[in-house]
1. Filter the stretch B:145-173 for residues that are open to solvent by less than 30 Å² (accessible area, probe 1.4 Å), closer than 19 Å to A:ARG113 by Cα and more than 8 Å from chain A (Cβ to nearest Cβ) and give the result.
2. Being farther than 15 Å from B:ILE231 by Cβ and in contact with a helix residue (DSSP H, G or I) (Cβ under 6 Å, 6 or more places away or on another chain) is the filter; apply it to the stretch B:189-212 and report the residue that is farthest from DNA strand D (Cβ to nearest atom).
3. Please work out if B:LEU230 is of a type outside the set (Lys, Arg), more than 10 Å from DNA strand C (Cβ to nearest atom), away from chain A (no Cβ under 14 Å) and surrounded by 15 or more Cβ atoms within 10 Å (Cβ to Cβ).
4. Write out, first by first residue and then by second, each pair whose Cβ atoms fall under 7 Å of each other, whose residues are 6+ apart or on separate chains, and whose first residue, in the stretch B:178-202, is under 15 Å from B:THR219 (Cβ atoms) and open to solvent by less than 60 Å² (accessible area, probe 1.4 Å) while the second is in a helix (DSSP H, G or I) and among the small types (Gly, Ala, Ser).
5. Go through (1) under 18 Å from A:ARG84 (Cβ atoms); (2) away from DNA strand D (no atom under 16 Å from the Cβ); (3) out of contact with any Asp or Glu (no Cβ under 9 Å at 6 or more places or on another chain) one by one and return the number of the condition A:HIS154 breaks.
6. Has the stretch B:174-188 got any residue that is more than 29 Å from B:ARG62 (Cβ to Cβ), under 15 Å from the mean Cα position of the chain (by Cα) and within 14 Å of chain A (Cβ to nearest Cβ)?
7. Identify all residues within the stretch A:239-250 that are open to solvent by 80 Å² or more (accessible area, probe 1.4 Å) and either within 13 Å of DNA strand D (Cβ to nearest atom) or part of a helix (DSSP H, G or I) (or both); write none if there are none.
8. Is it the case that the stretch A:164-174 has a residue that's in contact (Cβ under 8 Å) with a residue 12 or more places away in the chain, among the acidic types (Asp, Glu) and within 11 Å of DNA strand C (Cβ to nearest atom)?
Number of protein chains: 2
Amino acid sequence: MRIADPLQDSCAGAATRDCRHGLATNGCEDCKVRLFSVCAALEVPELEELDRISQAREVPARTTLFEQSTLAGSVFNVTDGVVRLYKSLPDGRRQIVGFALPGDFLGLALQDRYGVTAEAVTAVAVCRFARPAFLAYVDDKPHLLRRLHEFAGHELSLAQEQMLLLGRRTAEEKIAAFLLNMQARYARIGTVSVTVPLPMSRQDIADYLGLTIETVSRTLTRLAREKVVLIVPDGVRLLDLERLKLAGAS
Amino acid sequence: MRIADPLQDSCAGAATRDCRHGLATNGCEDCKVRLFSVCAALEVPELEELDRISQAREVPARTTLFEQSTLAGSVFNVTDGVVRLYKSLPDGRRQIVGFALPGDFLGLALQDRYGVTAEAVTAVAVCRFARPAFLAYVDDKPHLLRRLHEFAGHELSLAQEQMLLLGRRTAEEKIAAFLLNMQARYARIGTVSVTVPLPMSRQDIADYLGLTIETVSRTLTRLAREKVVLIVPDGVRLLDLERLKLAGAS
DNA sequence: CGGGGTCATTGATGCAAATCAATGACCCCG
DNA sequence: CGGGGTCATTGATTTGCATCAATGACCCCG
């Protein structure tokens, strides 16, 4: 079984259980990150059951995983690549409400219909659960339900933070917060590098931050000119964290 | 026991159980709104238990119910009045992430700390639950947990809709969407009037929509000049719903 | 190597909303 | 009734970001 638990690296040293579906994890009790994923102390028989109802799937870039307001038939755990989640207006204006990285779940709200559209930004690997099976699996496991609920609460919290960003921050603050956030998220899944990967296009970043592609580009080059960041292929190196935090802090 | 169930009017005709705490409701099975509140088919003994752990409380306008990032000690159900939920930046810029109306819950994410600050806009009546007692009450009721989770999913959905509004809509579209939304919410709690109440200040509306007070005022007067709305004390009368929907539709 | 495609950068210009600045409309209370 | 407080409206002006318009940097593939 392939390992896709985002916690594997941040909980280094603890006994980690194989986990491609993201629902189980190791026994690292004091790891703060733990709460941010849906990981319960599932026992072996439960894990085997979970395994039976899951299936791995790979999709190329630009593939739509599911579309806004269609019937929610699946729950996904992203195991590799990046997925964009967005809402659109009839005239084509688009707001990306989030990027899903390895370890993130899609459709966990367990609503009848998807509230957003999910598209692969890069080539993506997911672990798919049929919704009925997932619901059945989850329904008699209160501890797991609790975890799911905590997880939803965390997502709501992130959404509210993003509302603050969209409504009240300047372009530079938006970019700074975005870069710091991506760095933190990649660090959490074990990509600890001086360079923060930015696999999504400038248009994606713009649609996530409520800006235009030109403003994203200009702001990044200005930050680069001021030696705050260094723009590299498919990413950005953060040079002056203090200066970035000044702009991007919550 | 005072009745504060937001569903009482929209489910007119069904046998409605008294409910000041918002967690129980009638047996109106086909009511669409049902899913939007946390209402489970709780039995009488459960209701009595719920009653024991709840306490009614009234707070005057401008009172803070709880503050962002403090320890979450309570769960609230608003039974009367309006509450604003917001996040702030260090320099004072504020983003209101939602208004809680009668029937709405605060702190249902059940996280350790509150993610936002909650302040009474008007005089407010709430039903308070101590968090530990509420958790204990909820923990062995999987059906209730499911409801709570559905509720959280709905809240997330609303937040994402607001992100689209904040990031991609014009001032006029924001105002139009806000007015239609308030109308729908007041209709749901039984305030079916040609006039939509707006108990919050222009500053509150501005901070909710990512605008300034002046832009809110100007946009409203323009809509009034164009006979789309009529501005009345403490509210707005919607005259041309079609025209509003044109601007505010999702 | 060269042409066409996609995406990012850069510059010139425009405009929607912010900012600055009065003025107006109520209140409340002495 | 009148003065001070708060909040909303309206007007003049500025500005941050969007829009419009080229140009540049890669790719891929023939």
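1. Hit for the stretch B:145-173 is B:PHE151, nothing else.
2. B:LEU209
3. Taking the combined requirement at face value, the residue does not satisfy it.
4. If the second residue must be in a helix (DSSP H, G or I) and among the small types (Gly, Ala, Ser), the pairs left are B:LEU180/B:GLY248.
5. Condition (1) is where A:HIS154 drops out.
6. No, the stretch B:174-188 contains no residue that is more than 29 Å from B:ARG62 (Cβ to Cβ), under 15 Å from the mean Cα position of the chain (by Cα) and within 14 Å of chain A (Cβ to nearest Cβ).
7. The answer is A:GLU242, A:LYS245, A:LEU246.
8. no
The values are calculated or read from the model by the stated rules, or taken from the named source; none is laboratory data. If you're wondering where the values come from, they're calculated on a predicted model, not measured in any experiment. Quick reminder, even Gly has a Cβ in these numbers, built from the backbone with ideal geometry, and neighbours come from all protein chains shown. Areas reflect the complete protein model, heavy atoms only, side chains present, ligands, DNA and RNA absent. Shrake-Rupley method; radii C 1.70, N 1.55, O 1.52, S 1.80 Å.
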